[in-house]
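Below is one structure, written out as structure tokens, with a few remarks after it.
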């Protein structure tokens, strides 16, 4: 077995899906760190961040399309 095969097997194991016990452990740690009342605020903030990110991407793509149209007419 070559070193490349060994590395790819190790990487595949690390990149696998989380099992049930891992998810439960992560949820418990998050609850302990942030508390039950802070989690909705945290999720709300993440949602706003994702929404702003998507808006920024769409604005950028719209600007690129406008630039292409202007360059094509000149």
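The conditions of being at pLDDT 75 or above, out of contact with any helix residue (DSSP H, G or I) (no Cβ under 6 Å at 6 or more places or on another chain) and surrounded by fewer than 10 Cβ atoms within 10 Å (Cβ to Cβ) are not met by residue 55.
This table checks each residue for (1) surrounded by 10 or more Cβ atoms within 10 Å (Cβ to Cβ); (2) at pLDDT below 75; (3) part of a helix (DSSP H, G or I); (4) touching a helix residue (DSSP H, G or I) at 6+ places or on another chain (Cβ under 7 Å).
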site	(1), (2), (3), (4)
10	yes, yes, yes, no
21	no, no, yes, no
32	no, no, yes, no
51	yes, no, yes, no
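The values are calculated or read from the model by the stated rules, or taken from the named source; none is laboratory data. The model shown is predicted, which means the values in this text are computed figures rather than measured ones. Every residue, glycine among them, receives a Cβ derived from its backbone with ideal geometry; neighbour counts consider all protein chains shown.
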